[in-house]
Ligand SMILES: C[S@@+](CC[C@H](N)C(=O)[O-])C[C@H]1O[C@@H](n2cnc3c(N)ncnc32)[C@H](O)[C@@H]1O
């Protein structure tokens, strides 16, 4: 009886929080908060990394159709390591980079449990260029180590709209310049992006993304088409023995235009070879998510070339 009462009390608290959450005034001028820190264990526990497992399989299959079998893979914004583990399972030598220490800790634990030797580095994917301490006094500790990764990767990936988290002008240029340096000649870059068509559906949209017995995750989504910035406010409730704890993070993403992506790739010497939707077909204007495949331009074109006409 007591536990039923506690559960009802817990549910009432959740209802109160949800009400507060729904009524919360949308403030776009909030200061920057660390993201994917408190949310990291929730992200992993509710299986959000599974999208990148499928993307890793898709990437390997798509390349294999053209007889390309990458041996060295770097996963940018690797999160809790699902794609890195999937690549390692096929025998690739894998490295991962992420800005969130909490996501990396989970990734490292999973790699250890699976017996894979994956190099997970803490850092910002915009800092893949080697920088001296003097140039970047605030550079993350592992930034210098990117330089020792060398130009050896056959494939660099970035999954689950992680590049939409780059919101400043010039961010794509910075990332692609670093990628071009780390790819071997003829190596591939493969990433997916949410499009403006997707964010147009984030129109004051509220959704429960996970509704389990011990965990509830609620998202409040907004999009400002003028600023081309989307905001996802994530609130979660997790049961711990006889109480619930609540956490919250707000994530901001940018709707990069296809023209901006193409210009940034070209500027870094990466040739666009394909734009796909999630079915593997050629991406259309209205596709909510586009998978880009690009190649370090100093190699001959290949059969992957699809849908690159603007
Ligand atoms: C939606 S999660 C995707 C994680 C992983 N790719 C997956 O599919 O599970 C976005 C990830 O991007 C990372 N991230 C965002 N901006 C970043 C940046 N500038 N450099 C490195 N990682 C970044 C976050 O820490 C988070 O782990």
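The values are calculated or read from the model by the stated rules, or taken from the named source; none is laboratory data. If you're wondering where the values come from, they're calculated on a predicted model, not measured in any experiment. Because the Cβ atoms are built from the backbone with ideal geometry, glycine has one as well, and the counts that use them run over all protein chains shown.
Below, the figures for the structure above:
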read-out: Residue check, residue 23 under 18 Å from residue 219 (Cα atoms) and modelled with pLDDT under 95; value: yes
read-out: Residue that is in a strand (DSSP E or B), away from the ligand (no atom under 14 Å from the Cβ) and either outside the structural domain of residue 84 (by TED's automatic domain parsing) or touching a helix residue (DSSP H, G or I) at 6+ places or on another chain (Cβ under 8 Å) (or both), where the choices are 213, 233; value: 233
read-out: Filter result (assigned to a strand (DSSP E or B) and within 21 Å of residue 68 (Cβ to Cβ)) within the range 279-289; value: 282
read-out: The range 197-220, residues that are surrounded by fewer than 19 Cβ atoms within 10 Å (Cβ to Cβ) and within 24 Å of residue 54 (Cβ to Cβ); value: 197, 201, 205, 207, 208, 209, 210, 211, 212, 215, 219
read-out: Qualifying position, being crowded, with 22+ Cβ neighbours inside 10 Å, touching a helix residue (DSSP H, G or I) at 6+ places or on another chain (Cβ under 6 Å) and either farther than 23 Å from residue 85 by Cβ or at pLDDT 95 or above (or both), among 188, 176; value: 176
read-out: Any hit, the range 51-60, residues being under 30 Å from residue 206 (Cα atoms), in a helix (DSSP H, G or I) and at pLDDT below 95; value: no
read-out: Any chance residue 35 is in a loop (DSSP other than H, G, I, E, B), crowded, with 17+ Cβ neighbours inside 10 Å and touching a strand residue (DSSP E or B) at 6+ places or on another chain (Cβ under 9 Å); value: yes
read-out: One residue from 248, 198, 260 being farther than 30 Å from residue 155 by Cα and either out of contact with any helix residue (DSSP H, G or I) (no Cβ under 7 Å at 6 or more places or on another chain) or not in a strand (DSSP E or B) (or both); value: 248
read-out: Qualifying residue in the range 223-231 (condition: under 24 Å from residue 44 (Cα atoms) and in contact with a strand residue (DSSP E or B) (Cβ under 6 Å, 6 or more places away or on another chain)); value: yes
read-out: Residue tally, condition more than 13 Å from the ligand (Cβ to nearest atom) and surrounded by fewer than 22 Cβ atoms within 10 Å (Cβ to Cβ), over the range 97-128; value: 10
read-out: Matching residues, the range 152-167, being more than 8 Å from the ligand (Cβ to nearest atom), more than 17 Å from residue 265 (Cβ to Cβ) and under 16 Å from the mean Cα position of the chain (by Cα); value: 167
read-out: Test set (1) more than 19 Å from residue 178 (Cβ to Cβ); (2) more than 9 Å from the ligand (Cβ to nearest atom) - residue 94 fails condition number; value: (1)
